1. What are the residues whose amide H is under 5 Å from the amide H of His554, where those residues sit 5 or more places off or on another chain and H is modelled from the backbone?
2. Let me spell out the model: positive unit charges on the Cβ of Lys and Arg, negative unit charges on the Cβ of Asp and Glu, origin at the Cα centre of the chain. What dipole size does that give, in debye rounded to 20?
3. Treating the angle as unsigned and between 0 and 90°, give the value, to the nearest 10°, between the Cα long axis of helix 530-544 and the longest Cα principal axis of the chain.
4. Given the chain, what percent of its DSSP beta bridges are antiparallel, to the nearest 5?
5. Kindly rank 312-321, 483-492 from highest to lowest mean number of other beta carbons found within 10 Å of each residue.
6. Give me the angle, in degrees from 0 to 90, between the Cα long axis of helix 168-181 and the longest principal axis of the Cα atoms of the chain, rounded to the nearest 10.
7. In debye, nearest 20: dipole of region 454-595 around its Cα centre with unit charges on the Cβ of K, R (+) and D, E (-)?
8. Using only C-alpha atoms and all pairs of different ones, pull out the Kirkwood radius for the chain in Å with one decimal.
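Each value in this text was obtained by applying a stated rule to the coordinates, not by laboratory testing. Computed from a predicted structure; not experimentally measured. Here the Cβ is made from the backbone with ideal geometry for all residues, glycine too, and neighbour counts use every protein chain on show.
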Amino acid sequence: METGYWQRQASSRASRRRFLGGVGLAGAGVAGLAVVGCGGDSSSNKATPSAAAPTTAGTSAAASPSASQVTQGGTARFPFSGQSSGNPPTLYPFENLTYLAQTPASFYYSRLLRGQSGPNISVDDQTKLEGDIAQKWEQPDPTTYVFTFKPNVKWQDKAPLNGRAATAGDWVKTYQAFLAVSQNAPGWQQVVDKVEAPDEKTLKITLKSAFAPFLVTHAASSQAVWFIPVETISNDQVKKDPVGTGPWIFDKFESGVAITGHKNPTYFDAPIPAFAKIEALTLADPQRLVAALQSGDLDLSGLSGAVYKESRSKLDPKGKDFFPQNTSEGAFYFNFDNKPWNDVRVRQALSMALDRDGYLKVQDGTGKGNYFSFIPPGLAPYYLSPRDNNKDYGATGKYWTRNVAEAKALLKAATGSDTLNFKLYANVDRYGAEAQQAWELFASTIKDAGFNAELTYVEYGQYIQSIYLGKIPEGGCACGPIVGGPQDPDNIFFQNYWSKSARHNWGGTPIAEQPELDAMYLKQRTILDNAERVKYIKDIQVKMSETFLMVPYHASAGWVYVQPWVENYYHKSGYAYGADSLMKANFTAERVKKG
C-alpha cells in the first residue's frame, strides 16, 4: 500500500481525535468501564497459556488468597464493556446472546465453574477453572460429571426468592428454561443426554459421548446456563430486575447511564466481593473514558490498542496494564447463494487483497496484535498464526499475504472481470468509531485488487437479526465480529462453521467441502488427550484455509487499564470478567474513604 494512503489515514484519525476531544464528559462522577470479551497479557502477568487440559475433577480454589484480609468497601466505577458499552435490549441473557446482556449477567448470576485469574495465570488462558457454585466436581467415567454445590448457595434476598437456598433441583429447572429459549441451546442438546439432581446439593450431567472441552465450553460458559431462578423467568422479572446467587445484587438499570448494584451479604464466597457497590456505565466514547481515568472518576476500563500510544502517557504510570489478545473473531462472511462469493477463488482473492499488517499499524498502538485465523489469537494454545506460522499453512499460506497482482488474477479467473462491484454490510452504531475506521480501511485497500465495495451500515438490532444470520442481500457480503467471548475453539466451530448450527455463516447452500469440515469439528470434541487435540485444531485451521468459509482480517490487541488504587485485579478475558476478576479485587484503604 502506498505510504501516502496511510498518511491520509493518520491525518483522518487525528481529525477524529480532535472532534471527539471536544465532547464533554457528562456524568463522569458515575462513570464505569469494562471490557468486551477479549483475552491477553499484562505488564505484570507474563504467564503464557499451556496445553494443559482443564481439570476434570477438583475442588474449588480459594476465592482469593487474601480474601479475609482485603480492604472492604467503596464503589467501583467502570464502563461494563469498555469502548463497546451500550444499552442491553433486556437483562435476560438466555433471550439475548449479545454481550450487552451476557456481560452484566456475571455481576448477579453464577455458573457451575468460573475462570481462574491471578498473577501467574495469563488472561488468555481459558483452561484454568475453579468452582463457582460447585464446591467440587468429579468425572467417574468419560461421559459423566458430578458437581457438588457449595454448602451455602442462596438466592439473593429479594422477591420472589427472598434468600432461600438454591438447590441442584433449581439448576435442573433453569436448564430446562435455557433449552426453551436460548439460541445456544442446540450446543447443549447435541452434547448433553441427561441433567439430574440426585439430592439438593448434587448435580449429575450425563453426556451423549465423550466431549473434551465440556468443563470450559459448558460448565464455565459465559454465554449459556447462568443460574437463573425460573420464578423470575415465568413472571418476566428476569428482563428488568434480575435475582441470582452472584456477588452483587441488582439495583437498577438506567438507560444510557449505568447498571448499578450492591454487595450480596450472603454470597457463598464471602467476604468477597470487597466492593460495596458497582456502577457499570454504558459510556463508550474512548476519549471520554480516558479523560475519566485521568481525572480519577473511573477505577478501570477496557480500552483498545488503537488509543494506547496517544492515551497511556496521560494516565498514572503506577497503574496496571493488561494487553488482551483478541477473542472476538472477525471476518468477511457470506451467503453462498450470493454469486460470486460461492467461488473459493473470489474468497481467496479477497484475502490476498487485505493489508492486515497495514491495518495493524493504524489500529494497534500496542504492537501486540496479530491476524485472525479461523479462531482468534486469544484462544492460545489452539491458535495458529497465519503471519507467524505461515509455513505451517502449506500451499494455502500465500492467501494470507497481501498480493494485489495475484488477487486480481484470481478475481478475473473466477468472474471474467477485473472488478467486482458489491455492497459491504457492516455495523457502526454499536461497534463504534474504531470499527468504522477498519471498515473504511478495508473498502479503500481492497479496491486496489478490483473489489469495489459500497459500505452499507445497518442499525445494530436489524444487523443482528438479518445480516449476522447470513440474510445478506443478493450480491453483497458482510464484515464484522462473528462471535464474542469464545472460551474454546469448539464455541466457534459450532456457533459459526458447523452446518447444523443455529447461526451458520452462509445462510444458504453449503459449499461442497462442508461435510468434511463438519466431520473435523465433531472429531476434535472426542480427542481427550489435550496435546493431541491442540495439534488437531491447528490442522483444522490449515484445512479451512483451503476453503475460506470466511475471510478473517487483522486482530488488534486490547488494552485494559487499572488504577493504582485497585488491588488484586487480574484481568480475565471473556464476558464473565465480573465474577472471574472484578469480584476478587479491592480498593486501598485510602480509596475506600472516598466512597
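1. Under 5 Å from the amide H of His554: Phe372.
2. Dipole magnitude for the chain comes out near 820 debye.
3. So the inclination is approximately 30 degrees.
4. About 80 percent, rounded to the nearest 5.
5. Going by the mean number of other Cβ atoms within 10 Å, highest first, we get 483-492, 312-321.
6. The angle comes out near 30 degrees.
7. Rounded to the nearest 20 debye, it is 560 debye.
8. 24.3
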